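The structure appears below as structure tokens.
The values are calculated or read from the model by the stated rules, or taken from the named source; none is laboratory data. The shown structure was predicted, so the numbers you read here are calculated from the model rather than taken from an experiment. Neighbour counts are summed over all protein chains in view; Cβ atoms, including those assigned to glycine, are modelled from backbone coordinates with ideal geometry. With ligands, DNA and RNA removed, areas are computed over all heavy atoms of the protein, side chains included. Shrake-Rupley method; radii C 1.70, N 1.55, O 1.52, S 1.80 Å.
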Amino acid sequence: MVIAAARSVLRRGFELIERPFDRLFGPTLNPLAQLGALGFFFFWIVAVSGIYLFIFFDTGIERAYGSVETITNDYWFHAGVMRSFHRYASDLMVVMVVTHLLREFAYDRYRGARWFSWFTGLPIIWLLYTSGITGYWLVWDKLAHYVAIVTSELLDWLPIFGEPIARNFISTGTLTSRFFTLMVFMHVAVPLFLLFIMWVHILRISRPKVNPPRTLAVLSLVALMAVSLWNPAQSQGHVDLAKAPVEVGLDWFYLPLYPLTDLWGRGAVWAFLGAFFVMLGAMPWLPPLRRAKAAAVDLAHCNGCERCAEDCPYEAIRMVRRTDGLPFPTQAQVNTSLCVSCGVCVGSCPSSTPFRRSEELRTGIDLPDFSLKTLRERTVAAAQSLTSSPRILVFACAHGGSAGRVGGTVVLPCVAMAPPSLIDFVLSRKLADGVVVAGCAESACYYRLGVAWTKLRFAGARDPYLRARVPRERIATVWASALETRRAAAEIDAFAATIAALPPPRLRSPAPPTPLAAPADELRVRESVESGS
Ligand code: HEM
Ligand code: SF4
Ligand code: SF4
């Protein structure tokens, strides 16, 4: 209950910013829809600027501070700018990670089969913070001293180290440079491990967006350059181990918990962190998502064309060696633990053709809980319920702004589940005067690729195409989020008005009952199946 309420409030917050932004600048420029990609982008900036800084950085504790000062003052126009890039891009990574986490939560894209991406996101946070904190250590200024002391105190509270390490930072006499060397090593090694976990994080996602659109990348670079020149990263005076560091300027992106160590005590900080991450880790199961049955392959109708594997947004389909003796090298195989039951594969299969006469409409890959046959039945029933003119049939995504529309609406898990031939079927059989395909907002497709695949299929740029014979003026797409019900309804009404103004459709002989755009191979499978050979 509390979690659902928090999700709803956050969702409203995101939509309040995102939807007007989408309309003003276009969905591809929406940075909130590119947070993962921007996370990668800033990681690369941090990595490149870090390598550059290492050329000038002296890794010995005696000269580290001096080398950073040289970078900042003497070589300000290149290495100094790089230092600022390094710092501000690291800060931006924290912003991206936190906002990305909140957005995936707000749009409920972390439960069910998506638990993996959520779960692997959590070590990313720890690794990112460890990278940042060890980085502050290397400057060996007053802030580094403060970070060193508080970190050591925090670590000392854990029963890991035999001897308290905080003591090392209290007086010059007992200080060894070993910790400093360890920090230099960690500041290189931890980000490498972070990159590895970032790779693991997106393993179960097809075509993950790891590069932001060029315009967004250029704008981010320009902004970084502007901030770097306006407010270059500076050190806070050489460390004085004889004095306790007071009055240091904190980086609130990386060190927000440090002042709390004094206020709450170390045990309370660890307890807070432990409880927070246990709760985050449990989130995908609080409560668990009610999962529909995974997609299932019907080998008799699968010709191994790979389209479903190409289109699946969650890497849930693999092509494997044929097992049923049909003359195709491969067949589709669904990994049920990865499948989110979006139905995108059903829409991509060449066997998914509603024109087939057979009562038992079967296709190569189908959703057991909502089959293509059911989809055709609901389509026909919804069309028959249309009484007023013009008759507008709506295929509505269950997660978009038209899901609650009453009358003449077929609700699907994702609009990309509807094969383009279904629209051809509706219009060529004169079941409706116009068809609306109403999905999620373009920059927030619940199943990631549903909107993109639908657009490409309609444009004839991705199999299965919407056939050329389908009158384009009788089709509209509406991309609106679940909170934009009014805009979705207004767009459908406007489309109905344009349909009303069109001349009545030319009477054609009924469409032949042959399948649509099915490749020859696929036809052969079907023929062999239907003739029982
Ligand atoms: C450096 C940090 C991170 C980077 C670079 C990153 C990057 C990405 C990318 C590129 C995607 C795929 C987006 C797409 O193409 O649709 C993704 C998905 C996801 N991320 Fe992250 N991520 C990071 C941290 C996190 C964290 C901390 C969490 C939460 C604990 C998280 C949760 C998720 C979830 C749940 C998805 C799956 C969304 C879906 O299935 O539609 N990520 N991430
Ligand atoms: S329903 Fe199909 S496309 Fe969607 S996740 Fe499952 S296998 Fe992939
Ligand atoms: S025929 Fe259908 S089920 Fe088989 S590989 Fe092609 S799209 Fe997938």
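Annotations
- Candidates SER117, SER90 - the one that is within 8 Å of ligand 1 (Cβ to nearest atom), assigned to a helix (DSSP H, G or I) and not assigned by TED's automatic domain parsing to the domain that holds THR336: SER117
- Only one of the listed residues (SER385, SER402, SER389) is closer than 17 Å to ARG486 by Cα and either touching a residue at least 12 places away in the same chain (Cβ under 8 Å) or touching an Asp or Glu at 6+ places or on another chain (Cβ under 7 Å) (or both). That residue is SER402.
- Count - residues of the stretch 213-245 that are in a loop (DSSP other than H, G, I, E, B) and not polar (S, T, N, Q): 11
- Condition check for LEU326: open to solvent by 20 Å² or more (accessible area, probe 1.4 Å), touching a residue at least 12 places away in the same chain (Cβ under 8 Å) and in a loop (DSSP other than H, G, I, E, B): yes
- Residue check for GLU360: open to solvent by 50 Å² or more (accessible area, probe 1.4 Å), within 15 Å of ligand 1 (Cβ to nearest atom) and assigned to a loop (DSSP other than H, G, I, E, B): no
- From PRO259, PRO245, PRO212, residue being of a type outside the set (S, T, N, Q), open to solvent by less than 30 Å² (accessible area, probe 1.4 Å) and at pLDDT below 95: PRO245
- Residue in the stretch 285-292 that is basic (Lys, Arg), modelled with pLDDT of 95 or more and either within 13 Å of ligand 2 (Cβ to nearest atom) or part of a helix (DSSP H, G or I) (or both) present: no
- When GLU15 is tested against the conditions (1) under 24 Å from PRO191 (Cβ atoms); (2) in contact (Cβ under 8 Å) with a residue 60 or more places away in the chain; (3) open to solvent by less than 50 Å² (accessible area, probe 1.4 Å), the lone failure is (1).
- Residue within the stretch 316-325 that is in contact with a Gly (Cβ under 8 Å, 6 or more places away or on another chain) and away from ligand 3 (no atom under 13 Å from the Cβ) present: no
- Taken over the stretch 175-208, residues that are open to solvent by 30 Å² or more (accessible area, probe 1.4 Å) and either more than 33 Å from the chain's Cα centre (by Cα) or within 16 Å of ligand 3 (Cβ to nearest atom) (or both) amount to 7.
- Considered as a group, the residues in the stretch 29-64 that are surrounded by fewer than 20 Cβ atoms within 10 Å (Cβ to Cβ) and hydroxyl-bearing (Ser, Thr, Tyr) include one that is modelled with the highest pLDDT, and that residue is TYR52.
- The residues in the stretch 326-355 that are within 10 Å of ligand 3 (Cβ to nearest atom) and farther than 23 Å from VAL437 by Cα can be counted, and the count is 6.
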